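The values are calculated or read from the model by the stated rules, or taken from the named source; none is laboratory data. Just so it is clear, the structure is predicted and the values come from calculations on it, not from any experiment. Because the Cβ atoms are built from the backbone with ideal geometry, glycine has one as well, and the counts that use them run over all protein chains shown.
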Amino acid sequence: MSGVMIPTPQTNPQNDWNLSLRIAILSLEHDDYATEFANAVAHHAKVTLLVSKRTYGDRAWHLRDDVELHVLDWPRQRQLRNITFALRVSRLLSRFEPDVIHLLSPTAWLSLLRPLVRAPIVSTIHDVMPHPGDKEVIPLITYLRVPTLRASSGLIVHGESLRQVAISRFPPRPIFVMQHIAVTRYARLAERSGFVRDENDSFRVLFFGRIFPYKGLKYLLEARSSVLKRAPNVQFTIAGRGDISELLPLVENGSNTTVLNRFVPDAETAKLFIDADVVVLPYIEASESGVAAIATGFGLPVIATDVGELPDTITHMRNGLIVRSRDAGSLADAITRLATDTALCRQLAAGAREQAAASRGPSAIGKTACNIYAQVMSTSQDRSSTGRHSVARSGAD
């Protein structure tokens, strides 16, 4: 197959919004998203980004030069020193004087900011409901974010179906829909590291990310034999940490399958994606997918199931293929179709590159965010008198 064409973002493109708008973005986790999102908003506003030194790692090189970065000693959620931390954050924010404070990780303690700051708070909810089988998310912490959501003047989710769920679960607030931005850091890392695709005659299928039951890896493994009968040049790579003990009878490291059941460092992640022909998301439940966002950043087609917001992220026959959930046969047919139709694979890759540059690119996402901020700023004073959820959708048009 032909090599992947990496979409190359501009580092500091011309801003086309009102640079008098000042936005503070806080993120305890979701660091790749936080970096991409801060870059996007900085197309249209002055941005300061507050992150945790425990998780942020080596990401500052991907951040625009005009984003003010603060890497903080952010306490773990169970620690009482979050109280003094909130005071420290409030002092930082008072010096920046933001028009809006945007929480990308609305943890419980951040509700303490509300009486300490004047600006309205907006919170992004990445997962409206905990994923089934995700043991890394403590249910109590999910409920403890409610005070921070109550302190927010607006909520953001990544899809219309998620908005409907959020309406029934969270305090009455305007709820906005904003697409998940394409994650380009790994594509830029591959480019800056000089990575090139390992060329051979194989068609490479990548399953990437934390392995939990809801990811549906079982169905990909069940589809494998059917694929190889019809397309013996297919190579499968399964990469990510998680318990695969129940899948061991289906897992086999061999000439057609590589299993990396561990944490995958950033450079290795970049190499896996640049070597892939297609990324597969055989999920049985989903909200949005960060893996799909990385694939989009590489201009890679994605095969995904018809759950959650995946059919909105992956448009069938435009930037990927949508198959039935829990259906190994349907998944096998889709993989075989792309493995044996080079023209279609290139067509879908072109669609992914277009999406990374346009609807899920930084300018469009940043404009959507600023439209939301403008609405929140104009209505935050009336929030307390609102008796029910406000139905709100903001776009980049």
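So here's what we get for this one:
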| quantity | calculated |
| --- | --- |
| Residue within region 193-203 that is touching a Lys or Arg at 6+ places or on another chain (Cβ under 6 Å) and over 29 Å from ILE156 (Cα atoms) present | yes |
| Residues (within 22 Å of ARG91 (Cβ to Cβ) and small (Gly, Ala, Ser)) located in region 42-59 | ALA45, SER52 |
| Scope region 247-266; condition more than 21 Å from ILE294 (Cβ to Cβ) and either in contact (Cβ under 8 Å) with a residue 12 or more places away in the chain or not assigned by TED's automatic domain parsing to the domain that holds GLY216 (or both); matching residues | LEU247, LEU250, VAL251, ASN256, THR257 |
| Filtered residues of region 267-283 (kept if surrounded by fewer than 17 Cβ atoms within 10 Å (Cβ to Cβ) and either in contact with a Phe, Trp or Tyr (Cβ under 7 Å, 6 or more places away or on another chain) or free of Cβ contacts under 8 Å to residues at least 40 places away in the same chain (or both)) | GLU268 |
| Residue match in region 131-143 (condition: over 22 Å from the mean Cα position of the chain (by Cα), at pLDDT below 85, among the hydrophobic types (A, V, I, L, M, F, W, C) and assigned to a helix (DSSP H, G or I)) | yes |
| Check on THR296, assigned to a helix (DSSP H, G or I), of a type in the set (S, T, N, Q) and crowded, with 23+ Cβ neighbours inside 10 Å | yes |
| Index of the failed condition, ILE303 passing every other in (1) outside any strand (DSSP E or B); (2) at pLDDT 95 or above | (1) |
| Selection status of TYR283, closer than 21 Å to THR313 by Cβ, part of a loop (DSSP other than H, G, I, E, B) and aromatic (Phe, Trp, Tyr) | yes |
| Output for region 110-130, where each listed residue is at pLDDT below 80 and buried (at least 18 other Cβ atoms within 10 Å of the Cβ) | none |
| Residues of region 321-351 that turn out to be in contact with a Leu (Cβ under 6 Å, 6 or more places away or on another chain) and assigned to a helix (DSSP H, G or I), as a count | 2 |
| Any hit, region 69-91, residues being within 23 Å of the chain's Cα centre (by Cα), part of a loop (DSSP other than H, G, I, E, B), touching a residue at least 60 places away in the same chain (Cβ under 8 Å) and within 25 Å of THR269 (Cβ to Cβ) | no |
| Checking ALA339 against (1) within 25 Å of VAL41 (Cβ to Cβ); (2) of a type in the set (A, V, I, L, M); (3) touching a Phe, Trp or Tyr at 6+ places or on another chain (Cβ under 7 Å), the condition it does not meet | (1) |
| So VAL376, is it touching a strand residue (DSSP E or B) at 6+ places or on another chain (Cβ under 8 Å) and among the aliphatic types (A, V, I, L, M) | yes |
